[in-house]
Amino acid sequence: MATDSEGGGRLRIALGSDHEGEALKDKLIGHLREERHSVKDCGVHNAEPVGVPEVVSLVAQALAAGEADLGIVATSSGAVASMAANKIPGIRSCHCQDTFSARQSRRTVAADMLCLGARVLGDELAAEIADAFVGEAPSDDQRHELLRREIQEFEQRFEARQAETQQARAGESDA
């Protein structure tokens, strides 16, 4: 489903979409290439409906494999994609409808996946949001580093609690 593309740009960006976000994804790919970024198109490539978590997974896999520095997913609203992405350990997704939120998400929490709503945003605004996200680096300010550590510790505590709960439930079913 995924195809690599020419690029040689400043950042490697994986883009994916569901069938409702395909046109926006394709426009963003062209725009990001014009900005000299390298782009990996993770699909879709037709109008067949596809599950949002599947598309998010393909972009997340590109991030985890080191094939991309950042990911962008376009769906009808972007909300479900961001929720699904944030279930994947290590992914920090943001659902943005303005440039300020995109910059802040990169700067403060080092978000690595941007989710956009194709039915919510016009192409021009979506490109501006993508530029803001891609153009911002994570801050090395101590308070932002602390915030990122707190989020990571929260994730680890939650995962540990989930594992304990699953073990307890398994023990109850054995009894």
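The values are calculated or read from the model by the stated rules, or taken from the named source; none is laboratory data. In this text, all values refer to a predicted model and were calculated from it rather than measured experimentally. Virtual Cβ from ideal backbone geometry, glycine too; neighbours counted across all protein chains shown.
Take the conditions (1) of a type in the set (S, T, N, Q); (2) touching a residue at least 40 places away in the same chain (Cβ under 8 Å); (3) in contact with a helix residue (DSSP H, G or I) (Cβ under 7 Å, 6 or more places away or on another chain); T99 misses just one of them, which is (2). For the residues G66, G78, the requirement of being touching a residue at least 24 places away in the same chain (Cβ under 8 Å) and of a type outside the set (D, E, K, R) singles out G78.
Applying a threshold of 9 Å to beta carbon distances and a minimum spacing of six or more residues, or different chains, the list of pairs starting in the range 148-175 at a residue that is touching a residue at least 12 places away in the same chain (Cβ under 8 Å) and ending at one that is surrounded by 10 or more Cβ atoms within 10 Å (Cβ to Cβ) and among the hydrophobic types (A, V, I, L, M, F, W, C) reads R148/V109; R148/A110; I151/V109. Does S17 meet the test of being at pLDDT 95 or above, polar (S, T, N, Q) and in contact with a strand residue (DSSP E or B) (Cβ under 6 Å, 6 or more places away or on another chain)? Spelling it out, S17 is indeed at pLDDT 95 or above, polar (S, T, N, Q) and in contact with a strand residue (DSSP E or B) (Cβ under 6 Å, 6 or more places away or on another chain). The set of residues in the range 18-53 being buried (at least 19 other Cβ atoms within 10 Å of the Cβ) and part of a loop (DSSP other than H, G, I, E, B) consists of D18, E20, G21, H37, C42, G43, V44, V50. When E159, E136 are checked against the criterion of being surrounded by fewer than 17 Cβ atoms within 10 Å (Cβ to Cβ) and either charged (D, E, K, R) or assigned by TED's automatic domain parsing to the domain that holds G16 (or both), E159 stands alone in meeting it. There is at least one residue in the range 141-148 that is outside the structural domain of E22 (by TED's automatic domain parsing), charged (D, E, K, R), under 17 Å from the mean Cα position of the chain (by Cα) and surrounded by 13 or more Cβ atoms within 10 Å (Cβ to Cβ).
When I91 is tested against the conditions (1) part of a loop (DSSP other than H, G, I, E, B); (2) more than 26 Å from G21 (Cβ to Cβ); (3) not small (G, A, S), the lone failure is (2). Somewhere in the range 57-69, is a residue buried (at least 18 other Cβ atoms within 10 Å of the Cβ), within 13 Å of the chain's Cα centre (by Cα) and not in a helix (DSSP H, G or I)? Scanning the range 57-69 turns up at least one residue that is buried (at least 18 other Cβ atoms within 10 Å of the Cβ), within 13 Å of the chain's Cα centre (by Cα) and not in a helix (DSSP H, G or I).
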